[in-house]
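Worksheet for the structure shown next.
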Amino acid sequence: MSYFINATAPVSGPEQLYSSIDFSKLSWAEQQWANWYLWIGNPILATGLMSFLVHEIVYFGRCVPWVIIDAIPYFRQWKLQPNKIPTPQEQWECTKLVLFSHFTIEAPLIWLFHPIAEALGMSTWQVPLPSWRLMLPQIAAFFVFEDMFHYFSHQMLHQGVFYKHIHKIHHKYSAPFGLAAEYAHPAEVLILGTGTIAGPLLYSYFMRDLHISTVYIWITLRLFQAIDAHSGYDFPWSLQHIVPFWSGAEHHDFHHMAFVNNFSTSFRWCDWLGGTDTKYRAYRQRIDAAKRQAKAKGMTVEEWRAYENKINAEEEAEGIKAEAAVEAKAGGKKID
Ligand SMILES: [Zn+2]
Ligand SMILES: [Zn+2]
């Protein structure tokens with residue numbers, strides 16, 4: 001806790017925030033951090049604006065490479081549902097709803113972040129910034145907490161009324177793409193966003209050694225995770241091939257295609273322990289066996305793609321039935 005500087009001292013003006021700090025002893029990043037708070041001149045505004053900008057820049061910045069990849073046919077060889085490429089029109093429609101929810105729901109919440117963070121003992125304007133040794137275990141803990149929180153609340157969102165009135169929007173795309181990561185009902189953004197923010201807030205309340213810059217790094221990594229999981233591509237160099245318990249796109253794409261299984265976000269262990277990945281694992285075995293068969297038969301790439309698309313279409317058809325059953329429970333359309 002040595003890096004805390006006047007964390008509880010009364011603050012009357014932006015210059016006084018740093019009155020006891022020797023700027024020449026700070027790193028470049030720390031000087032920029034302090035300069036931001038001095039330049040804005042109001043810590044609540046500075047934290048709020050920074051939080052909003054981090055979210056917007058990281059979200060859309062991370063989506064751009066996926067939009068480009070979708071436009072280049074060369075990458076289709078690694079597309080999980082190769083016959084379902086989002087059109088620019090679809091991507092634009094998706095972007096509009098995401099932006100609408102960012103400006104109406106998330107923006108006001110982000111403005112409350114500074115007072116809540118401070119009340120729970122989180123450092124915001126303070127410098128120096130925390131060391132990597134302190135940050136890494138904190139971020140790891142947030143990943144594990146969020147994954148578990150998401151696992152249970154996502155399953156709740158698949159129940160009758162919750163699905164029909166809230167989560168159905170996110171399932172508009174049976175073959176998701178990067179921008180669709182936050183395509184969701186505002187209530188869903190609130191419910192699932194809690195998993196991302198509650199970890200740092202609870203941690204801060206009990207441990208009192210969390211700096212908001214660590215939270216920004218966590219949110220950046222979490223956004224990368226969510227966008228990549230919706231990308232629709234599984235490359236040989238994707239993280240899940242290096243870290244076997246990482247979910248990645250291959251895991252979440254199945255959730256959108258088949259409607260069932262794979263409710264967690266970052267890791268595979270919750271679904272494995274909860275037995276909510278049995279259909280997914282059977283599907284993987286089916287695809288692997290089909291691949292071996294295709295090789296033995298000497299199928300061309302086009303023939304294999306057609307075969308793969310047929311298997312995927314069957315999984316999706318079952319998913320549509322499962323979705324109708326959930327909606328029927330909520331008093332929606334009847335199952336045929
Ligand atoms: Zn879902
Ligand atoms: Zn999703």
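Take PHE267 and tell me if it is over 24 Å from ALA107 (Cβ atoms), in contact with a strand residue (DSSP E or B) (Cβ under 7 Å, 6 or more places away or on another chain) and either among the hydrophobic types (A, V, I, L, M, F, W, C) or within 14 Å of ligand 1 (Cβ to nearest atom) (or both).
So PHE267 passes the test.
Does THR214 qualify as being away from ligand 2 (no atom under 16 Å from the Cβ), buried (at least 22 other Cβ atoms within 10 Å of the Cβ) and either over 24 Å from PRO82 (Cα atoms) or of a type in the set (Phe, Trp, Tyr) (or both)? Against the criterion (away from ligand 2 (no atom under 16 Å from the Cβ), buried (at least 22 other Cβ atoms within 10 Å of the Cβ) and either over 24 Å from PRO82 (Cα atoms) or of a type in the set (Phe, Trp, Tyr) (or both)), THR214 qualifies. Would you say GLY248 is of a type outside the set (D, E, K, R), away from ligand 1 (no atom under 15 Å from the Cβ), on the phi > 0 side of the Ramachandran plot and surrounded by 13 or more Cβ atoms within 10 Å (Cβ to Cβ)? Against the criterion (of a type outside the set (D, E, K, R), away from ligand 1 (no atom under 15 Å from the Cβ), on the phi > 0 side of the Ramachandran plot and surrounded by 13 or more Cβ atoms within 10 Å (Cβ to Cβ)), GLY248 qualifies. Scan segment 198-209 and tell me whether some residue there is surrounded by fewer than 18 Cβ atoms within 10 Å (Cβ to Cβ), assigned to a helix (DSSP H, G or I), under 14 Å from the mean Cα position of the chain (by Cα) and among the hydroxyl-bearing types (Ser, Thr, Tyr). No: zero hits. Count of segment 235-264 residues, restricted to those that are assigned to a loop (DSSP other than H, G, I, E, B), touching a residue at least 24 places away in the same chain (Cβ under 8 Å) and within 15 Å of ligand 2 (Cβ to nearest atom), is 4.
Being surrounded by fewer than 13 Cβ atoms within 10 Å (Cβ to Cβ) and either of a type in the set (Phe, Trp, Tyr) or not in a helix (DSSP H, G or I) (or both), is that true of even one residue in segment 265-288? Yes; the residues of segment 265-288 include at least one that is surrounded by fewer than 13 Cβ atoms within 10 Å (Cβ to Cβ) and either of a type in the set (Phe, Trp, Tyr) or not in a helix (DSSP H, G or I) (or both).
Every residue, every condition in (1) within 16 Å of ligand 1 (Cβ to nearest atom); (2) out of contact with any helix residue (DSSP H, G or I) (no Cβ under 8 Å at 6 or more places or on another chain); (3) at pLDDT 95 or above; (4) β-branched (Val, Ile, Thr), yes or no:
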{"site": "TYR74", "(1), (2), (3), (4)": "no, yes, yes, no"}
{"site": "ALA107", "(1), (2), (3), (4)": "no, no, no, no"}
{"site": "HIS114", "(1), (2), (3), (4)": "no, no, no, no"}
{"site": "LEU134", "(1), (2), (3), (4)": "no, no, yes, no"}
{"site": "PHE152", "(1), (2), (3), (4)": "yes, yes, yes, no"}
{"site": "GLN155", "(1), (2), (3), (4)": "yes, yes, yes, no"}
{"site": "PRO176", "(1), (2), (3), (4)": "yes, no, yes, no"}
{"site": "LEU179", "(1), (2), (3), (4)": "no, no, yes, no"}
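The values are calculated or read from the model by the stated rules, or taken from the named source; none is laboratory data. All of these numbers come straight from a predicted model, not from anything done at the bench. Here Cβ is always computed from backbone atoms with ideal geometry, including for glycine, and neighbour counts include all displayed protein chains.
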